[in-house]
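Enquirer: The structure is given below, and queries will be raised subsequently.
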Amino acid sequence: MPQPPLHLRLVNNTGQDRRVIVYQDNVAAEPPDSPMLYVWDSRLLQGGGGQGILALPTTFEVAGMTGAPPDYSLSAPMPGQYGQGWALQQDSPEEVLRLIPSTDPASANAVQVENTVIFARRSAVILKERRLLFGAELVPFARASFTVESSFWVALSELRRGDPLSPSALPSQRCQVTYAEPSGITEYVVTLNEKTSTGEVVFTVTTHSL
């Protein structure tokens, strides 16, 4: 049975407005050459106690992508399940990109996607609630295997939802929220505080349980 969404409360106890982003990593069973991360959620929190509340699903979808944000198109997303194998298919540039079941299944703890488009690079992406989470650009006949990292990250950044994140230049002020399934935790509270002596922002994580 799927786990319920991760309920997340963001609290800004610093003295100024701050934008906070949420994203997740990929545990790649077959690391791609061009990994991609995306901002899953972005909230501007008022200083002095401003809050943002969201639910991060534990389920995910798989899709193919043509182009890159902000100008891109997706194949019809399919529910993700570990052990599945998928193929990106497009017979000509005029046709829409499709995601079809593959005869070459993935390992039991990963989802595998192969680019069978012979004339172009295409991207395999993982989504949550139809929002980009992460993916990989694939040359023809290349493949990537994905596992969604359960833990998630909260960071200070001016990026907006759907913007790409460079894996080699992630925000310096960030906090990993450790999560593992199954869990009795009903809510994570990530609070931003500011050190008066240095102005450094410090993240504090607390939880509420059943």
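The values are calculated or read from the model by the stated rules, or taken from the named source; none is laboratory data. From a predicted model like this one, the values you see are computed outputs, not experimental measurements. Reconstructed Cβ throughout: ideal geometry from the backbone, glycine too, with neighbour counts over all protein chains shown. Side chains included, ligands, DNA and RNA excluded: accessible areas come from the protein's heavy atoms. Shrake-Rupley method; radii C 1.70, N 1.55, O 1.52, S 1.80 Å.
Enquirer: Any idea how far the Cα center of segment 81-125 sits from the one of segment 140-210, in Å?
Expert: Between the Cα centre of segment 81-125 and that of segment 140-210, the gap is 28 Å.
Enquirer: Given Cα pairs under 8 Å that are at least 6 residues apart, what percent is the relative contact order of the chain?
Expert: The normalised contact order for the chain reaches 27 percent.
Enquirer: Leaving ligands, DNA and RNA out of it, rank E158, E149 by accessible area with a 1.4 Å probe, largest first.
Expert: In descending accessible area the options line up as E158, E149.
Enquirer: What is the gain in length, in nm to one decimal, between R9 and T206 on full extension, counting 0.36 nm per residue of separation less the C-alpha to C-alpha distance?
Expert: 69.9 nm
Enquirer: Follow-up question, since we're still on this one. Which percent of the accessible heavy-atom area of the chain goes to carbon and sulfur, probe 1.4 angstrom?
Expert: So the carbon and sulfur contribution to the accessible surface is 51 percent.
Enquirer: Hey, can you grab everything whose amide H is under 5 Å from the amide H of Y179? Only 5+ residues off in sequence or another chain; H modelled, so Pro and N-termini drop out.
Expert: Answer set, sorted by chain and number: S151, F152.
Enquirer: Still on this model: Per residue, how much accessible area does segment 6-208 show when a 1.4 Å probe rolls over the protein heavy atoms, in square angstrom?
Expert: Using a 1.4 Å probe on heavy atoms only, each residue of segment 6-208 averages 47 Å².
Enquirer: Please list, by residue number, everything in segment 104-140 whose backbone N is under 18 Å from a paramagnetic label point 7 Å out along Cα→Cβ of E94.
Expert: 118-120
Enquirer: Right, next: At R0 = 30 Å, how high is the FRET efficiency between L54 and S197 if r is their beta carbon distance? Nearest 0.05 is fine.
Expert: Calculated transfer efficiency: 0.40.
Enquirer: Would you mind checking which residues have amide H under 5 Å from V39's amide H? H placed 1.01 Å from N; only 5 or more apart, or other chain.
Expert: For V39, whose amide H was placed from the backbone, the distant partners under 5 Å are G162, D163, L165.
Enquirer: Simple spin-label model, 7 Å along Cα-to-Cβ: A108 to A28 in nm?
Expert: Rounded to a tenth, the inter-label distance reads 2.5 nm.
Enquirer: Out of these labelled values of Cα extents along the principal axes in Å, (i) 52, 43, 30; (ii) 45, 32, 29; (iii) 59, 36, 24, which was calculated from the coordinates shown here?
Expert: (iii)
Enquirer: Placing +1 on the Cβ of each Lys and Arg and -1 on the Cβ of each Asp and Glu in segment 6-208, which of I126, P105, Q84 has its Cα farthest towards the positive end of the resulting dipole?
Expert: I126
Enquirer: Within 10 Å, count the other beta carbons around each residue, average over each peptide in 87-100, 39-52, and list them highest first.
Expert: 39-52, 87-100
Enquirer: Where in segment 81-181 are there chymotrypsin sites (Phe, Trp or Tyr not before Pro) that are in a DSSP coil and have at most 12 other Cβ atoms within 10 angstrom of their Cβ?
Expert: Passing both the DSSP loop test and the Cβ count: F119, F141.
Enquirer: I've got another one for you. Could you check the spin-label model distance between D17 and R121? Points 7 Å from the Cα along Cα→Cβ, value in nm.
Expert: It is 3.7 nm.
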